[in-house]
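Asker: The structure's right below; bear with me while I get my questions together.
The values are calculated or read from the model by the stated rules, or taken from the named source; none is laboratory data. This one's a predicted model, so the numbers in the text were calculated from it and none came from an experiment. Reconstructed Cβ throughout: ideal geometry from the backbone, glycine too, with neighbour counts over all protein chains shown.
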Amino acid sequence: MASSSSSGLTFKLHPLVIVNISDHYTRVKSQMNPTLAPHNNATNNGGDGVVSSLPPPRVFGCVIGVQKGRTVEIFNSFELLYDPSTHSLDRPFLEKKQELYKKVFPHFYILGWYSTGSDAEESDMHIHKALMDINESPVYVLLNPAINHSQKDLPVSIFESELHVIDGIPQLIFVRSSYTIETVEAERISVDHVAHLKPSDGGSAATQLAANLTGIHSAIKMLHSRIKVLHHYLLAMEKGDVPCENSLLRQVSSLLRRLPAIESGKFQDDFLMEYNDTLLISYLAMLTNCSSAMNDLVDKFSTAYDRHTRRGGRTAFSECCLVLVSRCLVLDSFDALFQLCRHRFLSSSLCCLGIGY
Amino acid sequence: MDIEQRQSELIDQFVKQASAASNTSAISSVIVDATSHPLLFAFSEILALPNVLQLEATDEKFYLDLLRLFAHGIWSDYKSNADRLPQLVPDQILKLKQLTVLTLAETYKVLPYDQLMQELDVTNVRELEDFLINECMYAGIVRGKLDQLRRCFEVQFAAGRDLRPGQLGNMIQTLSDWLSTSENMLVSIQDKIKWADSMSEVDKKHRKEVEEKVDEVKKSIFKVGWIYFYCFTSLEFFILKYIDDIMFR
């Protein structure tokens, strides 16, 4: 039923619509099975438990947006009730919603409708035809809620209706169209936020480090795959499989001239200075921890032994005193060091302290 | 890149003109037009045309050499061969100097002013900077920073010149080096991630062990120690009282 569209319209889909549809589906599905623990399943796989023998519910709604010439941009969507008896959508509700949305977004028109499922069906054509009086060529956005881990792109497809002659009878059938995703800044931020879900308690330093490194890793991986493509292309050009395209070669040569990206002497100086500073600060922090732990120990020591060695235990008491005094000295020196930190005389002083410690 | 987009129309136009040109003088005039045009920096398409290459055999050969110079050579090449090449109009001289800057940017990212002045036959720094700013950066063929204190020009981006025949191999080599470096980087990042995870595991275990030990010691001390403590303190008390009595009789 779905072949490729030839109407020449370009579709732009906003992530808000996808999130709305998926949210609608998840709500309906979790309300259907109240005994099932609500985890984030927009899925209908059978390993889900006993209750998922019911077929996945189909949700319906309307999509709204702007059409400028040949470009159709779908911004938002809202839900609609489907009346299974008349096989049509709830018309008065739709009109009321349309009025309300018109007040807030005067430029948005109803561009079509959405539903969930794995493929477009015959019964969908009724709904499609019903909407044709609002918009003469509505679009049908279909979300496939089955989670398929091997699938790389979004399970969203956009269908248009075209008049084709089948068996001598002109019929409207659905044809698939391609679309691009277009984001507003707010949408980009929220999608980015969801994609980088960090552990909510801030995690330990190790998990944060791992998350950071994973981000860098995926970025470098993408760069690597793109350079590989260029490499293959040039190899093919050298062998003669592809005709030499001079402008491309010029661009590649200008790109390669930007390497090595960070190699000057100034960079090395700055980098090493910052590296040394970080190491010294962590060393300082460690020493502070040690001295505070020693502080606690000495406190306990003095509390424990003070009572018993008031008169006789002179050695223990003087030992305590000595330790106390040295502790004070060390803390004072750390104070001084923190001041020095700001003036970068750090390295020599810390080295001395480290040796003396 | 926008330079290539700007140039592509010009290149097409000149290629059409050159293929339509019937005799050698027409081709030569097309070559002169192409090399003086202020926005055109790519000549290898014109160089590849068959009727341009036919100039090799005629006595207008030096126009072909001129085109080759503009495709691959620099200003000092022109000066050394000035007798064999036709006289250049000022537009062409300017263009050749721009192309010289591009070639220099190929090999070094930081170009000292002295070298630039020598290569471009410019005597003072002011003229050099004017040339770099007006002719090169505003034309969009280079982007970079001028460092007056260190007297150098740091190139961040330079447009590509036409490729010499051997350069393709070098480019492929550079790309494969880049690929292997990024692969190594990926592997080392993976290792670091694993290291971070394993260290956090070790740390957690260690912490748990220490806490368990503390609990154990607390329990054992609580049972045994406080009997000990009680006897000891009462003994202490009586001894001290006795000493007190003796001392302050």
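Asker: Looking at A:M237, A:M273, A:M286, can you tell me which residue is modelled with pLDDT of 80 or more and within 11 Å of chain B (Cβ to nearest Cβ)?
Answerer: A:M237
Asker: What's the number of the only condition in (1) under 21 Å from A:R257 (Cβ atoms); (2) surrounded by fewer than 20 Cβ atoms within 10 Å (Cβ to Cβ); (3) assigned by the TED database to the domain that holds B:G160 that B:L120 fails to meet?
Answerer: Of everything listed in (1) under 21 Å from A:R257 (Cβ atoms); (2) surrounded by fewer than 20 Cβ atoms within 10 Å (Cβ to Cβ); (3) assigned by the TED database to the domain that holds B:G160, B:L120 misses just condition (2).
Asker: Right, here's the next one. Take B:I74 and decide whether it is among the β-branched types (V, I, T), within 29 Å of B:G140 (Cβ to Cβ), within 14 Å of chain A (Cβ to nearest Cβ) and within 31 Å of the chain's Cα centre (by Cα).
Answerer: Against the criterion (among the β-branched types (V, I, T), within 29 Å of B:G140 (Cβ to Cβ), within 14 Å of chain A (Cβ to nearest Cβ) and within 31 Å of the chain's Cα centre (by Cα)), B:I74 does not qualify.
Asker: Which of the residues spanning the range A:78-111 are assigned to a helix (DSSP H, G or I) and under 17 Å from A:P57 (Cα atoms)?
Answerer: none
Asker: Which pairs have Cβ atoms under 9 Å, sit 6 or more apart or on different chains, and link a residue in the range B:196-225 that is without any contact (Cβ under 8 Å) to a residue 12 or more places away in the chain to one that is in a helix (DSSP H, G or I) and β-branched (V, I, T)?
Answerer: Close Cβ pairs satisfying both conditions: B:A196/A:T207; B:D197/A:T207; B:S200/A:T207.
Asker: Can you pull out the strands (runs of 3 or more DSSP E) entirely within the range A:130-178 that have at least 1 residues that are under 24 Å from A:P92 (Cα atoms)?
Answerer: A:139-143
Asker: Scanning for something at pLDDT 80 or above and farther than 30 Å from B:L40 by Cα, does the range A:249-268 turn up at least one residue?
Answerer: Yes, some residue in the range A:249-268 is at pLDDT 80 or above and farther than 30 Å from B:L40 by Cα.
Asker: Looking at the range B:111-169 only, could you name the residues that are among the acidic types (D, E) and either within 14 Å of chain A (Cβ to nearest Cβ) or assigned to a helix (DSSP H, G or I) (or both)?
Answerer: Listed by number, the residues that qualify are B:D114, B:E119, B:E127, B:E129, B:D130, B:E135, B:D147, B:E154, B:D162.
To keep it simple, each residue is scored yes or no on (1) surrounded by 13 or more Cβ atoms within 10 Å (Cβ to Cβ); (2) more than 32 Å from the chain's Cα centre (by Cα); (3) in a helix (DSSP H, G or I); (4) at pLDDT 75 or above.
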{"residue": "A:F11", "(1), (2), (3), (4)": "yes, no, no, yes"}
{"residue": "A:D23", "(1), (2), (3), (4)": "yes, no, yes, yes"}
{"residue": "A:A37", "(1), (2), (3), (4)": "no, no, no, no"}
{"residue": "A:I64", "(1), (2), (3), (4)": "yes, no, no, yes"}
{"residue": "A:N76", "(1), (2), (3), (4)": "yes, no, no, yes"}
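Asker: Pick from B:V224, B:V214: which is under 60 Å from the mean Cα position of the chain (by Cα) and closer than 19 Å to A:A304 by Cβ? Talk me through it step by step, then tell me what you get.
Answerer: Values: B:V224 fails: under 60 Å from the mean Cα position of the chain (by Cα).
Of B:V224, B:V214, the one residue that is under 60 Å from the mean Cα position of the chain (by Cα) and closer than 19 Å to A:A304 by Cβ is B:V214.
Asker: Here's something else I'd like to know. Working only within the range A:246-260, note down all residues that are facing another protein chain (nearest Cβ under 7 Å) and not charged (D, E, K, R).
Answerer: A:N246, A:S247, A:L249, A:Q251, A:V252, A:S253, A:S254, A:L256, A:L259
Asker: Filter the range A:261-270 down to the residues that are among the charged types (D, E, K, R) and within 11 Å of chain B (Cβ to nearest Cβ) and list them by number.
Answerer: Keep residues of the range A:261-270 that are among the charged types (D, E, K, R), which gives A:263, A:266, A:269-270.
Residues satisfying the conditions are A:E263, A:K266.
Asker: Then there is this: Within the range B:189-212, which residues are exposed (fewer than 12 other Cβ atoms within 10 Å of the Cβ) and either farther than 30 Å from A:P260 by Cβ or not charged (D, E, K, R) (or both)?
Answerer: B:S198, B:E201, B:V202, B:K205, B:H206, B:R207, B:K208, B:E209, B:V210, B:E211, B:E212
Asker: Quick check: is even one residue across the range B:80-98 within 14 Å of another protein chain (Cβ to nearest Cβ), in contact (Cβ under 8 Å) with a residue 60 or more places away in the chain, surrounded by 15 or more Cβ atoms within 10 Å (Cβ to Cβ) and not β-branched (V, I, T)?
Answerer: No, because not a single residue in the range B:80-98 is within 14 Å of another protein chain (Cβ to nearest Cβ), in contact (Cβ under 8 Å) with a residue 60 or more places away in the chain, surrounded by 15 or more Cβ atoms within 10 Å (Cβ to Cβ) and not β-branched (V, I, T).
Asker: Which condition number does A:Y114 fail, the rest of (1) surrounded by fewer than 15 Cβ atoms within 10 Å (Cβ to Cβ); (2) outside any loop (DSSP other than H, G, I, E, B) being met?
Answerer: For A:Y114, the exception is condition (1).
Asker: For the range B:83-99, does any single residue satisfy the condition of being among the polar types (S, T, N, Q) and closer than 18 Å to B:V142 by Cα?
Answerer: Yes, there is a match, as at least one residue in the range B:83-99 is among the polar types (S, T, N, Q) and closer than 18 Å to B:V142 by Cα.
Asker: If you check B:I239 against the conditions, is it of a type in the set (A, V, I, L, M) and outside the structural domain of B:M117 (by the TED database)? Can you show your working first?
Answerer: Working: of a type in the set (A, V, I, L, M): yes; outside the structural domain of B:M117 (by the TED database): yes.
Judged against the criteria, B:I239 is a match.
Asker: Next question, about the same structure. Is it the case, given these coordinates, that B:L163 is under 29 Å from A:S254 (Cβ atoms), of a type outside the set (S, T, N, Q), free of Cβ contacts under 8 Å to residues at least 12 places away in the same chain and surrounded by 13 or more Cβ atoms within 10 Å (Cβ to Cβ)?
Answerer: It is false that B:L163 is under 29 Å from A:S254 (Cβ atoms), of a type outside the set (S, T, N, Q), free of Cβ contacts under 8 Å to residues at least 12 places away in the same chain and surrounded by 13 or more Cβ atoms within 10 Å (Cβ to Cβ).
Asker: In the range B:46-60, how many are surrounded by 21 or more Cβ atoms within 10 Å (Cβ to Cβ) and within 14 Å of chain A (Cβ to nearest Cβ)?
Answerer: 1
Asker: Let me ask something else about it. Could you tell me how many of the residues in the range B:203-232 are at the interface with another protein chain (Cβ under 10 Å from one of its Cβ atoms) and among the β-branched types (V, I, T)? If you could, list the steps in order and put the result at the bottom.
Answerer: Quick first cut of the range B:203-232, residues at the interface with another protein chain (Cβ under 10 Å from one of its Cβ atoms) only: B:203-204, B:232.
Of the ones still in play, those that are also among the β-branched types (V, I, T) are none.
Going through the range B:203-232 one residue at a time, the tally reaches 0.
Asker: Let me ask another. What tally of residues in the range B:1-38 results from selecting those that are of a type in the set (A, V, I, L, M, F, W, C) and more than 14 Å from chain A (Cβ to nearest Cβ)?
Answerer: Count: 9.
Asker: Of the conditions (1) within 24 Å of B:S36 (Cβ to Cβ); (2) surrounded by 15 or more Cβ atoms within 10 Å (Cβ to Cβ), B:D130 clears all except one; give me its number.
Answerer: Condition not satisfied by B:D130: (2).
Asker: When you look at B:Q148, is it under 30 Å from B:V125 (Cβ atoms), touching a Lys or Arg at 6+ places or on another chain (Cβ under 9 Å) and in the same structural domain as B:N124 (by the TED database), yes or no?
Answerer: It is false that B:Q148 is under 30 Å from B:V125 (Cβ atoms), touching a Lys or Arg at 6+ places or on another chain (Cβ under 9 Å) and in the same structural domain as B:N124 (by the TED database).
Asker: So which residues in the range B:22-39 are under 19 Å from B:I93 (Cα atoms) and either buried (at least 20 other Cβ atoms within 10 Å of the Cβ) or among the charged types (D, E, K, R) (or both), if there are any at all?
Answerer: Here is the first cut: in the range B:22-39, the residues under 19 Å from B:I93 (Cα atoms) are B:28-39.
Passing the criteria: B:S28, B:V30, B:I31, B:D33, B:A34, B:T35.
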